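Remarks on the structure that follows.
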Amino acid sequence: MWRVLLSIVAGLVAWGVIVTLLNFGLRAMLPGYHAAEATLQFTLAMKIGRLTEAAITSVAAGAIVGLIAPSKRWAPWLVGLMILAMFLPVHVSLWNKFPAWYHLAFLAPLAPLVALGGLLGRRRGALNRPLVSAS
């Protein structure tokens with residue numbers, strides 16, 4: 001029980017930390033990105049960068065959930081749905097500022113990408129488990 005709760009909290013925290021770190025990379029790599037954040041006037045390259053950032057972050061957060069609680073296949077899905085629930089009102093309020101494809105490309109794959117990361121994390125964890133018990 002505690003392990004599952006820890007995995008969910010770790011996945012949510014990881015999503016926030018990873019997306020923040022990757023956003024620093026976007027600021028460094030894309031000229032004008034930092035200024036565009038204030039006005040939400042992103043170029044196509046910036047939008048694609050933001051979507052890529054969210055996808056990488058979602059898979060990584062799910063992998064962390066899967067590593068911590070590999071037996072609970074539903075835990076990454078729960079984290080993905082929680083993240084979706086947090087972003088849905090934000091995207092609804094910003095609907096007119098971005099094209100519909102952008103909102104859908106961000107929101108629709110959120111939970112499945114976290115779940116994919118959970119699968120990868122479970123597989124990685126299985127590879128690191130000893131074949132013979134130490135007891």
Q: Report in % the part of the accessible area of region 75-119 that belongs to carbon and sulfur, leaving out ligands and nucleic acids; probe 1.4 Å.
A: 80
Q) Per 5 Å bin from zero, what fraction in whole % of the C-alpha pairs of the chain is there, up to the bin with the longest pair? A) 2, 11, 18, 19, 17, 13, 8, 6, 3, 1, 1, 0, 0
Q) Residue farthest toward the positive end of the dipole of region 17-135, with Cβ of Lys/Arg at +1 and Asp/Glu at -1: which of Ala100, Val17, Gly121? A) Gly121
Q) Heavy-atom accessible area per residue, the chain, 1.4 Å probe: how many Å²? A) 59
Q. Hey, can you list the DSSP H helices of the chain whose Cα span along the axis is 15 Å or longer and whose average Kyte-Doolittle score is at least 0.5?
A. 2-29, 44-68, 74-93, 110-128
Q: Per DSSP H run of at least 4 residues, take -39500 (n - 2.57); add these up for the chain, divide by its residues and hand me the 222 nm value, nearest 500 deg cm²/dmol.
A: -27000 deg cm²/dmol
Q. Counting Lys and Arg as +1 and Asp and Glu as -1, each charge on the Cβ, what is the dipole of the chain about the Cα centre in debye, to the nearest 20?
A. 420
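The values are calculated or read from the model by the stated rules, or taken from the named source; none is laboratory data. In this text the structure is predicted, and so the values were computed from the model without any measurement. FYI the Cβ positions are ideal-geometry reconstructions off the backbone, even for glycines, and counts take in every protein chain you see. Just so you know, the surface numbers come from the protein's heavy atoms only, side chains and all, with ligands and any DNA or RNA stripped out. Shrake-Rupley method; radii C 1.70, N 1.55, O 1.52, S 1.80 Å.
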